Amino acid sequence: MEFWRWVFCVLLLIASSLRVGAEQLRRGQRTERISGSAGDVLEDNPVGRLKVFVYELPSKYNKKILQKDPRCLTHMFAAEIFMHRFLLSSPVRTLNPEEADWFYTPVYTTCDLTPNGLPLPFKSPRMMRSAIQLISSNWPYWNRTEGADHFFVVPHDFGACFHYQEEKAIERGILHLLQRATLVQTFGQRNHVCLKEGSITIPPYAPPQKMQSHLIPPDTPRSIFVYFRGLFYDVGNDPEGGYYARGARAAVWENFKDNPLFDISTEHPMTYYEDMQRAVFCLCPLGWAPWSPRLVEGVIFGCIPVIIADDIVLPFADAIPWEEIGVFVAEEDVPNLDTILTSIPPEVILRKQRLLANPSMKQAMLFPQPAQPGDAFHQILNGLARKLPHDRNIYLKPGEKILNWTAGPVGDLKPW
Amino acid sequence: MKLSALQQSYTNRRSNSFRAAGGLDSSVDGSGKSPAAVFWLVLHGLCCLISLVLGFRFSRLVFFLFFSTASNGGTSGLYPSTPFLGTTADIAGSLSFQANSSPNLELPPNRTAGGISSSRVVVGRHGIRIRPWPHPNPDEVMKAHRIIERVQREQKLQFGIKNPRTVIVVTPTYVRTFQTLHLTGLMHSLMNVPYDLIWIVVEAGGTTNETASLLAKSGLRTIHIGFDKRMPNSWEDRHRLEAQMRLRALRIVREEKLDGIVMFGDDSNMHSMELFDEIQKVTWIGAVSVGILAHSGNTDELSSVVHKKAEEENLPPPVQGPACNSSEKLVGWHIFNSLPYVGNGATYIDDRATVLPRKLEWSGFVLNSRLLWKEAEDRPEWVKDLDKLDGVSEEIESPLSLLKDPSMVEPLGSCGRKVLLWWLRVEARTDSKFPARLVF
C-alpha cells in the first residue's frame, strides 16, 4: 500500500511539473506563464544560489573612462556599466574570493565613443588583455582555471570579436584570452565564430524610465498591422545595397513600400513609442549586426516582434520560449512577409499577446536602476547559476597551461 | 618577467610587419604578401580601370540581371565556392569576382581551426529579393483587417466597459435639403457604436416615407414617430419645437420602459466614438463638453470683424459644458459667450449672420432612462416627474429643467476637459432649388 501511495505522489509531481502555460487572470489582464527549455525560471531568485567576487581594478579601466564620456550610460551598450553597479551592491557579491563561484572583471570596453556616439572597438582588445594581465598577476584565481570561472560583459556589436564589421570580426575571432571564460553579450548567431558555447545572450540596454513615460492607455485600439522605423539602405557605408542587413531590409522596403498594412519609413517620429503600442506586429530585422533594441521595445509595448535574422540567438534563450512569443521569418521569405503574417491564426496572435503581457517577461528585458526582482540582471545571475556547479576539470593541474598569451593579431599585443 | 618577454616578441613582430610594407589592413597576419593576394590586387585594379572606361560600376548591372526577376534566390549558390579557385580572366568571371571582392572568410578550408561547423549564413553581398508583383494583395489586406478586428475586440473585452448598457439616441429631424446629409452622418456614427442601440427619431410635420427609407438602411432598431407641427422658420421657434419633440421622445422611453442611457443626438452634430464609451459611465445624469463651431454663412463686414478679433486673441473654439474645481467636483457651467454676437445673430433660417447655439445644448447631457420611468425603485428625489412638465407652460431649455437640484449632474470626459462632440448648424436656404432631399 505504501508503495502505491508513493507512486501516486510521484505521478502527481510529474503532472504538476508538466503543466505549461496555465492561464491566470491578473487584474483584468489575461496573461500566461512563460517557461522555456530550462523550465519556469524567469522568476527564480539567484540570491543564495551563487556567489560572485568583483575584482577591484584601478579606475582607469572603469570610472575614469565613464567620466570622460557620460554618454556611455544611455547608449545601448550601457549594460556593462550597470551590471558592475548592480553587482557591487547585490547580495550575491562576496568579499571572500575563496568562496566565490564566479569572478567578475569590471572593464568598460565599449565606452570609447566617437563624437557621434558610436563606440570604437580598436582599443578594446588591448584594454581587455591588459585587465586580464592585471588580474592574473595580482590574484591567483585566473591562473587556477585560466578564466573558466570568470565572466565578462561584452555588449558590443559582435561581442568579444571587438569589431563592428562582420568580416573583420570573424577574421579576428573571439579574443584568445577569453576562450575559456563565460561571455555575457548581446550578439547571438548560431554557428558563428563570435558566439562561443556557453555564452549568455542578453538584451541591449534600453532606458526603462524613458519607455515607461511613453505608455498610453491599454484600451487604445491596435490599428497598425505592421510597424517599422529605421534605415533600409545604409547610404553612408553601403551605397548600392546588398551588404547592409544582407539585403533583407532593402527587400522589405522594395516589396512593401506601397502596402497600406505596412507602416514603414525612415523617419524619426516623436511618437515612436506610442505608435508601437498601437501596432500588432513590429519588425525587428537585422542591421549590421543581427540584434537590435527593437526587440526590447516590442516586448515592453506589447507589439509582437517579427524577427528577420537567420540563425539569431535571442536573449535568455533557455529561459524564454521565443518561438512562442515572436514570429520568425527567414531572410529569403521576406518577399512573402504579408502572406506569412496574415496566415497566422488569430488565436495564436492573441496567445502571443498574452505572453507578451506577462509582467515577468517585460521585467526580464529591462535593466532598471535600482535593480528589481526578475529583471535582466537577475536573469544573467540565474543563467550563471544554472551553469553551476563547475566541472572538476576546469581546474588546471599545477604547471598546466592552455592559453597562449601571444596569440591573436599583432596590434592586440601592444600595452594599453 | 612574463611581460618583458611579451614585449620582446612584440617588437620583433613589429619590425617584421614593417619590412613587409603591408599595404593590406593590419588585421592580416604580418607574414608577407602571398602571390594570390597580388593576383587579386591586379585583377581588382583591372576591373577598376574597366569601370572607369565604361563609366559605371558594372557589378550593379550583374545584380539587376541576376536578381530582379528571381522570386527566390539561392544567393549563396551563385557565389563561387572559394575565391582561391583560379577563375579565368574573362569578363563574367571577373564580374562575379567583383561581387565577391570581400572574400568569404568562412569558407576557405584553412580556417576550420575553431571547429565551427560552416554556417549557411554567408557574409558579403546579397541580392535584394523582390517578388514579381510587389504590390498589396487584396485578399491578404482583408485577412489582416479581420485579424486587427479580432485583436481590438479582445482589447475591448479586457480593458473596455464591462456590462455595457443600451444607448437610446433621441433625434429630432424634419425633411429638408440637408436632411440626407446630416442624418447619414449621424446614422454612420451610430452604426459604428459597439453597444446595443435604440434610435428614436421624431420628425416634425409627421412621418414621411423618405425619412423612413433612410432609416431602414441603417439596420438599427429605430422608433420613428411624427410630430404634428411643422418646423417654423425662425431659430427661436425651432429651438422651442425641438425641445418639445425631445420631450415627446422621452415620453416614449417612459411608456415603453426602455432601459439604458438616453443621449440627445442632433442630426447636425458630429459625435466621436469615445463619446459613446464615456457615457456608459453615467449613473443618473451626466454632462459632456460640446465644442461649438459657430460660423457665419458669408464674409460680410460685421461678422468678419468678430471673427478677426477671435483669431487675433487666438481663442480656442468655444466649448459648452461642465466646469469643475480642482477636486473634480462640478461647480458651474461653461456656456457659449454670445456677447460678441449680440445683435448679429441669425434670427431666421435664411439669415446670413452667424447661427448661434443656445446657452446649454441638449446634446451635452445624458440621462439614465430610469429617471424617466413612472416607478423606479432607486430614483433619486432630486428629479422631477416627467408628466409634470409639458413644455408649453414653462420653457424647457435644457435637461436641467428636469432636475430639482442641478448640482447632482456628473461631469464626464475627464471633468469636461475632453470635447467629445461638436455642434454645428448648417442648413440650406428655404428657397434652394435642390429637391426636397439630395438624391445621390
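The values are calculated or read from the model by the stated rules, or taken from the named source; none is laboratory data. The model shown is predicted, which means the values in this text are computed figures rather than measured ones. Cβ: placed from backbone, ideal geometry, glycine included. Neighbour counts: every protein chain shown.
Observations on the structure shown:
Okay, residues lined up against (1) under 30 Å from residue B:133 (Cβ atoms); (2) without any contact (Cβ under 8 Å) to a residue 24 or more places away in the chain:
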site: A:328; (1), (2): yes, yes
site: A:341; (1), (2): yes, no
site: A:345; (1), (2): yes, yes
site: A:352; (1), (2): yes, no
site: A:358; (1), (2): no, no
site: A:369; (1), (2): no, no
site: A:380; (1), (2): no, no
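- Members of the range A:249-264 found to be more than 8 Å from chain B (Cβ to nearest Cβ), surrounded by 21 or more Cβ atoms within 10 Å (Cβ to Cβ) and under 26 Å from the mean Cα position of the chain (by Cα), listed by number: A:249, A:252
- Residue A:353 vs. criteria among the polar types (S, T, N, Q), surrounded by 19 or more Cβ atoms within 10 Å (Cβ to Cβ), touching a helix residue (DSSP H, G or I) at 6+ places or on another chain (Cβ under 8 Å) and over 30 Å from residue A:243 (Cβ atoms): yes
- Subset of the range B:122-163 that is among the β-branched types (Val, Ile, Thr) and more than 7 Å from chain A (Cβ to nearest Cβ) - its residue that is farthest from the chain's Cα centre (by Cα): B:122
- Residue count for the range A:148-180, restricted to those that are among the hydrophobic types (A, V, I, L, M, F, W, C) and in a loop (DSSP other than H, G, I, E, B): 5
- All positions within the range A:322-364 that are touching a Ser or Thr at 6+ places or on another chain (Cβ under 7 Å) and away from chain B (no Cβ under 12 Å): A:358
- Contacts under 6 angstrom Cβ, first residue in the range A:227-245 being among the hydroxyl-bearing types (Ser, Thr, Tyr), partner in a loop (DSSP other than H, G, I, E, B), 6 or more apart: A:233/A:241; A:243/B:125; A:244/A:234; A:244/A:238
- For residue A:219, the conditions (1) of a type outside the set (S, T, N, Q); (2) farther than 30 Å from residue B:161 by Cβ; (3) touching a helix residue (DSSP H, G or I) at 6+ places or on another chain (Cβ under 9 Å); (4) free of Cβ contacts under 8 Å to residues at least 60 places away in the same chain all hold with the exception of (2).
- Single match in B:184, B:166, B:208 (criterion: more than 14 Å from chain A (Cβ to nearest Cβ), over 23 Å from the mean Cα position of the chain (by Cα) and within 24 Å of residue B:271 (Cα to Cα)): B:166
- Some residue of the range A:86-101 being buried (at least 19 other Cβ atoms within 10 Å of the Cβ) and either of a type in the set (Lys, Arg) or in a helix (DSSP H, G or I) (or both): yes
- In the range B:359-380, the residues that are within 16 Å of residue B:254 (Cβ to Cβ) and in contact (Cβ under 8 Å) with a residue 24 or more places away in the chain: B:367, B:368, B:369, B:370, B:371, B:372, B:373, B:374
- Per-region count, the range B:191-201, residues touching a residue at least 40 places away in the same chain (Cβ under 8 Å) and farther than 19 Å from residue B:259 by Cα: 1
- Enumeration of residues in the range A:183-205 that are surrounded by fewer than 20 Cβ atoms within 10 Å (Cβ to Cβ) and away from chain B (no Cβ under 13 Å): A:198
- Hits in the range B:168-201 (condition: within 18 Å of residue B:367 (Cβ to Cβ) and surrounded by fewer than 17 Cβ atoms within 10 Å (Cβ to Cβ)): B:195, B:196
- When residues of the range A:359-373 are limited to those that are assigned to a loop (DSSP other than H, G, I, E, B) and surrounded by fewer than 21 Cβ atoms within 10 Å (Cβ to Cβ), the one nearest to the chain's Cα centre (by Cα): A:368
- Residue match in the range A:401-414 (condition: in contact with a Ser or Thr (Cβ under 9 Å, 6 or more places away or on another chain) and modelled with pLDDT of 90 or more): no
- Test: residue B:261 is farther than 26 Å from residue B:322 by Cβ and either buried (at least 17 other Cβ atoms within 10 Å of the Cβ) or out of contact with any strand residue (DSSP E or B) (no Cβ under 9 Å at 6 or more places or on another chain) (or both): no
- Residues (in contact with a Gly (Cβ under 6 Å, 6 or more places away or on another chain) and not in a loop (DSSP other than H, G, I, E, B)) located in the range A:228-246: A:245
- Among the residues of the range B:209-241, those that are small (Gly, Ala, Ser) and either on the phi < 0 side of the Ramachandran plot or in contact (Cβ under 8 Å) with a residue 40 or more places away in the chain (or both) comprise B:212, B:213, B:216, B:218, B:226, B:234.
- Take the conditions (1) at positive phi; (2) modelled with pLDDT of 90 or more; residue B:147 misses just one of them, which is (1).
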